[in-house]
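Structure record follows, encoded as structure tokens.
The values are calculated or read from the model by the stated rules, or taken from the named source; none is laboratory data. On a predicted model such as this, the values are computed, not experimentally measured, just so you know. Please note: Cβ atoms are built from the backbone with ideal geometry, for glycine as well, and neighbour counts cover all protein chains shown. SASA here: full protein model, heavy atoms, side chains in, ligands and nucleic acids out. Shrake-Rupley method; radii C 1.70, N 1.55, O 1.52, S 1.80 Å.
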2 protein chains.
Amino acid sequence: MGSKSTAKRADALRSIDAIVQAAAECLGRNPEASLSEIARAAGVGRVTLYAHFASRAEVVDAAMSRAIDRGNEALDAVDLTGDPLVALARYVEVSWHLVDQARALLVAAQRELPAGRIRELHSGPAARVESLVARGRAEHVFRTDLPISWLVNVLHSVMHSAADEIRAGRLTSDRAADHITATVLAAFTPPGKPVPQPGAGA
Amino acid sequence: MGSKSTAKRADALRSIDAIVQAAAECLGRNPEASLSEIARAAGVGRVTLYAHFASRAEVVDAAMSRAIDRGNEALDAVDLTGDPLVALARYVEVSWHLVDQARALLVAAQRELPAGRIRELHSGPAARVESLVARGRAEHVFRTDLPISWLVNVLHSVMHSAADEIRAGRLTSDRAADHITATVLAAFTPPGKPVPQPGAGA
């Protein structure tokens, strides 16, 4: 019986993994992708999908969690040391690329998941920016008259607003990182200090 | 028959108005308010509600449109002449108050309506900021290295991110307008120029 249940468990894990991967792909193309489409793309029946996920929200949550895990791996590779302005520009470059890739998935998440859950899923990326902002404040490069949590949220909002602008056809994806960096570096500048020129310190 | 249909039409208009007002109130308290709750608050039956609105999205759309119309009236009273920094601070003060009042309704709208429709509903407020930003650019107070549409979207994103921070319990409503103004004035500052001090030019 032991090996039988082991095999069943391995089967279940394979199905779950295939469903989550298919969900990330299907919802990444179309935020309204149906569970039937996702099951088909995963090569499993709808009954199997419903055996593992109680609702569409659970599927979206799992796909979003997977995208964030991948994102955290990519962000691990970003050098956040040195000049905080340059480090922030590097962070924006990589994380914008991740947001851009996950734009449709994010729309699905915003529709299906409570805002608190989306924030919770982003706590890994948020912690990275928090440390960087804290260091930039200690080095008098970033402003200290607004809370760190506020500045981190501003960065994420500006990034998501770039995704909106692209959807509205008013911005192209290749110019977005520059727009975000220029905006956020200015927003983070202490009152009385000059806004950094583009590419400053690079 | 003329006066009968006139009376019927007046009845229908009264019902629709009561439903939209009740929807704005109920959704303003709880973004998940049901159509039955809204019908009850409006003093009409569910059948009457469904006779006028085909879906929950239509009710949310009507409530949101009503809130925006009221908002446009309030914004008409704001003096956007004079020093662009001071005018922007005045705009933020009033429009943040409107966003703050409509926070729950906005959550309902974000869930039920496509992003394009929400943007369309905000075109009145957006046009006001566009003119103000264009004037500030002409007067060399606001940056010209980023498009006007981008700067307007940054303002709205920062405002909505304040609403998120309040929901997350990390910001109080009374401090939000100052945070938004300080952030946006910095974000709008031309590279190389100093970020205005709080209350600058006031």
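Assorted remarks:
- Restricting attention to region B:139-194, the residues being in contact with a Leu (Cβ under 9 Å, 6 or more places away or on another chain), without any contact (Cβ under 8 Å) to a residue 40 or more places away in the chain and more than 22 Å from B:VAL94 (Cα to Cα) number 1.
- Residue satisfying condition, being of a type in the set (Asp, Glu) and within 12 Å of the chain's Cα centre (by Cα), within set B:ASP100, B:ASP145, B:ASP178: B:ASP100
- One residue stands out among those in region B:104-125 that are open to solvent by 40 Å² or more (accessible area, probe 1.4 Å) and within 21 Å of B:VAL92 (Cα to Cα): the one that is modelled with the lowest pLDDT, which is B:ARG119.
- Restricting region B:133-151 to residues that are under 17 Å from A:ASP178 (Cα atoms) and of a type in the set (A, V, I, L, M) leaves a set whose member that is surrounded by the fewest Cβ atoms within 10 Å (Cβ to Cβ) is B:ILE148.
- Among the residues of region B:48-73, those that are open to solvent by 40 Å² or more (accessible area, probe 1.4 Å), touching a helix residue (DSSP H, G or I) at 6+ places or on another chain (Cβ under 9 Å) and farther than 12 Å from B:LEU113 by Cβ comprise B:THR48, B:TYR50, B:ALA51, B:HIS52, B:ARG66, B:ASP69, B:ARG70.
- Residue in region B:159-172 that is closer than 24 Å to A:PRO196 by Cβ, of a type in the set (Gly, Ala, Ser), in a helix (DSSP H, G or I) and in contact with a helix residue (DSSP H, G or I) (Cβ under 9 Å, 6 or more places away or on another chain) present: yes
- Of the residues making up region B:1-17, those that are under 14 Å from B:VAL59 (Cβ atoms) and open to solvent by 30 Å² or more (accessible area, probe 1.4 Å) are B:ILE16, B:ASP17.
- The requirement of being assigned to a helix (DSSP H, G or I) and farther than 18 Å from B:ARG111 by Cβ is not satisfied by A:ALA108.
- Flag for A:ALA134 being facing chain B (nearest Cβ under 9 Å) and in contact with a helix residue (DSSP H, G or I) (Cβ under 8 Å, 6 or more places away or on another chain): no
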